[in-house]
Amino acid sequence: MSTVPDLLAVVSGATELPTMPEVLVSLDEALSSPDCTAQDAAEIISKDPAIAANMLRIVNSVSYGLQSRVTSISHAVSVLGFDVTRATALQAGVFKTFDDVRDPQPHFDPAAFWRHAIFAGVAARILGSSSPRFAESNPEHLYMAGLLHDIGRIVLVQSLGVRYRELLEAVSARPDAELEIERDCLGFTHADVGSMLGILWRLPEELVTAVRYHHNPADAPIHRDLASLVHVANDLAWRSDLPSTLAAEGHEFDTEAGAAIGLGSALVEELLPRIEADYRTWQMPW
């Protein structure tokens, strides 16, 4: 990713990217230790009430299929295990970080954005479970890649304000040219911003790459499979009438991206009802 230093200079000069909540940094360090216990992890998470509350909300969503309601973080960690705890805490931290972006604007509705993101996450997880290319992948990592693929949009809403609203107005007149308009107006795209946030948050390289190349996975120098998976998941969200912005438009099924992950259009269509049913079990961040 040789262009990252230049991109960082451009992005940092135009936006103030949110920092990862301190609790998540501490949690990541703790979970990397072989001596970490569930209680250790729970104590770290509990230091941030907003993240802890969001995490409990996520854990108690129907999709986790737990037999009884989880009311404590230590119980959640014990039930989920460390890998899922890490992913769930990250999701809770993302919701907390952007919690102040709630008010609908012309061409951008934060609630619609999160519905799109959650659907794409669910789709990435389910599509990945049906592809031999991801047999060794953690399903929660696939979900996070789908969830975060468009996170650059909400960073731009938060950081650029009126300037980004004007950009979306231009996109609404040319909904098939969003990336071109972003490059012309900003010098970078929402995918670039999202990947830069991932780098600053020290997220895994494959996730950062998938975010950056989810619109053009064939251009990804590495981790092309995951970028292709997220590309298809994003398309399914748009096709299911769950746009991430009201200005742009979605695309038809990308057969090349589907082939890259070993999924044809017929299998994707077969999986779509399952994806939609799983998505309906998820709760919104607020």
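The values are calculated or read from the model by the stated rules, or taken from the named source; none is laboratory data. Predicted, not measured: the structure shown is a model, and the values here were computed from it. So basically every Cβ, Gly included, is an ideal-geometry build from the backbone, and we count neighbours across all protein chains shown.
Results for (1) aliphatic (A, V, I, L, M); (2) farther than 18 Å from residue 113 by Cβ; (3) surrounded by fewer than 17 Cβ atoms within 10 Å (Cβ to Cβ), shown as yes or no for each residue.
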{"site": "158", "(1), (2), (3)": "no, no, no"}
{"site": "164", "(1), (2), (3)": "no, no, no"}
{"site": "168", "(1), (2), (3)": "yes, no, no"}
{"site": "173", "(1), (2), (3)": "yes, yes, yes"}
{"site": "176", "(1), (2), (3)": "no, yes, yes"}
{"site": "183", "(1), (2), (3)": "no, yes, yes"}
{"site": "189", "(1), (2), (3)": "no, no, no"}
{"site": "193", "(1), (2), (3)": "yes, no, no"}
{"site": "197", "(1), (2), (3)": "yes, no, no"}
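Answer yes if at least one residue in region 122-145 is at positive phi and assigned by TED's automatic domain parsing to the domain that holds residue 266, and no otherwise. Talk me through it step by step, then tell me what you get.
Going through region 122-145, the residues at positive phi turn out to be none.
Looking for residues that are at positive phi and assigned by TED's automatic domain parsing to the domain that holds residue 266, one finds none in region 122-145, hence no.
Can you tell me which residue is farthest from residue 214 (Cα to Cα) among those in region 250-274 that are touching a residue at least 40 places away in the same chain (Cβ under 8 Å) and either over 20 Å from the mean Cα position of the chain (by Cα) or part of a helix (DSSP H, G or I) (or both)?
Only one residue tops the list, namely 274.
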Could you check, for region 128-141, whether at least one of its residues is hydrophobic (A, V, I, L, M, F, W, C), assigned to a helix (DSSP H, G or I) and crowded, with 22+ Cβ neighbours inside 10 Å? no
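Please pick out the residue among 77, 70, 94, 59 that is modelled with pLDDT under 90, crowded, with 21+ Cβ neighbours inside 10 Å and of a type in the set (Val, Ile, Thr).
Exactly one residue qualifies, and that residue is 59.
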Please determine whether any residue of region 99-114 is within 28 Å of residue 38 (Cβ to Cβ), of a type outside the set (S, T, N, Q) and touching a helix residue (DSSP H, G or I) at 6+ places or on another chain (Cβ under 9 Å). yes
Kindly establish whether residue 266 is out of contact with any Leu (no Cβ under 9 Å at 6 or more places or on another chain) and either modelled with pLDDT of 95 or more or among the aliphatic types (A, V, I, L, M) (or both). yes
Take residue 60 and decide whether it is closer than 30 Å to residue 167 by Cβ and touching a Lys or Arg at 6+ places or on another chain (Cβ under 9 Å). no
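Residues checked against (1) out of contact with any helix residue (DSSP H, G or I) (no Cβ under 8 Å at 6 or more places or on another chain); (2) over 26 Å from residue 111 (Cα atoms); (3) aliphatic (A, V, I, L, M); (4) outside the structural domain of residue 177 (by TED's automatic domain parsing):
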site	(1), (2), (3), (4)
196	no, no, yes, no
200	yes, no, yes, no
205	yes, yes, no, no
210	no, no, yes, no
218	no, yes, yes, no
224	no, yes, no, no
232	no, no, yes, no
236	no, no, yes, no
241	yes, no, no, no
Among the residues listed as 197, 242, 203, the single one being closer than 27 Å to residue 279 by Cα and assigned to a helix (DSSP H, G or I): 197
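Would you mention how many residues in region 91-127 are of a type in the set (Gly, Ala, Ser) and in contact with a Ser or Thr (Cβ under 6 Å, 6 or more places away or on another chain)? First the steps, then the outcome.
Keep residues of region 91-127 that are of a type in the set (Gly, Ala, Ser), which gives 92-93, 111-112, 117, 120-121, 123-124.
Add one more test, that the residue is in contact with a Ser or Thr (Cβ under 6 Å, 6 or more places away or on another chain), and what stays is none.
Matching residues across region 91-127 total 0.
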Checking residue 228 against (1) surrounded by fewer than 18 Cβ atoms within 10 Å (Cβ to Cβ); (2) under 30 Å from residue 32 (Cβ atoms), the condition it does not meet: (1)
